[in-house]
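Here the structure comes first, spelled out in structure tokens, and everything after it is commentary.
The values are calculated or read from the model by the stated rules, or taken from the named source; none is laboratory data. Every value quoted in this text rests on a predicted model; they were computed, and no experiment measured them. Neighbour counts run over all protein chains shown; Cβ positions are idealised from the backbone, glycine included.
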Amino acid sequence: MSSIAINGGANRTAAFYESVVGKKAVMAATGFVLCGFVLGHMAGNLQVYQGEAKLNHYAALLQGLGGGLWAIRGVLLLCAVLHGWTAFQLWRLKNDARPQPYVKKASIATTYAARTMLWSGPIIGAFLVYHILHFTTGGAHPDFRAGEVYRNVVTGFRNPAASVFYIIANILLAIHLYHGVWSMFQSLGVNHPQYTPKLKLLAKAYAWVVGLGNVSIPIAVLTGVVGASVK
């Protein structure tokens, strides 16, 4: 393949990304990957209800992937960075198009989820950093023990401040996901009177499932439903 063809392809890709349509496509693609991860991550974590052996075995299986696990983490990190950066660029383009704010702000045609996307995203990003330091590396966990995932979850969530932070962050995540999933369908051109109500319902159901699933774990630990025997 000639350098001209390679450069031409790279230029077309760059030009597509610089367009609003291209940026929305990147948001949709990366959002799809991240949504899949969030759902899978929640399903894996819910094994905490099946006991210590089950959750620790699941964690050991993930660690057994070795380089594959790091490759997955790399893809997820790339998607998260692209998603956040592209969202910022779209926000900046929108502001540049209308530098003067509205005299009267009307929010009737939008939703609370849509209006909070700008600040909920960075908060979720900060939460993810804390989450990794808390349960993956142990840097933010006062009693972290490598390989003892179930125990780390229980002792970590016994701290009311940590649990409240997780609960608030996951409520914001659910709100963010509701608008994000719906926006993803719109960015892909799926907008039809017959399917729109169903897609909105799907987005709402997905957000509720993820939100309730994630929030239930710290609540279960604080109330003693999970991990009561852990010392």
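Can we say residue 53 is under 24 Å from the mean Cα position of the chain (by Cα), at pLDDT 75 or above and in a helix (DSSP H, G or I)?
So residue 53 does not fit the description; no.
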Report summary line: Filtering the range 33-77 down to residues that are touching a helix residue (DSSP H, G or I) at 6+ places or on another chain (Cβ under 8 Å) and more than 29 Å from residue 226 (Cβ to Cβ) yields 33, 75
Query - Selection from the range 74-92 of residues that are surrounded by fewer than 13 Cβ atoms within 10 Å (Cβ to Cβ) and farther than 18 Å from residue 29 by Cβ - result: 92
Report task. Select the helices (runs of 4 or more DSSP H) contained entirely in the range 136-231, then report the ones holding at least 3 residues which are closer than 23 Å to residue 31 by Cβ and out of contact with any Lys or Arg (no Cβ under 8 Å at 6 or more places or on another chain). Result -> 160-187, 196-222
Query raised in the report: When only residues in the range 202-227 that are under 20 Å from residue 160 (Cβ atoms) and of a type in the set (Ser, Thr, Tyr) count, which is farthest from the chain's Cα centre (by Cα)?
Result: 223
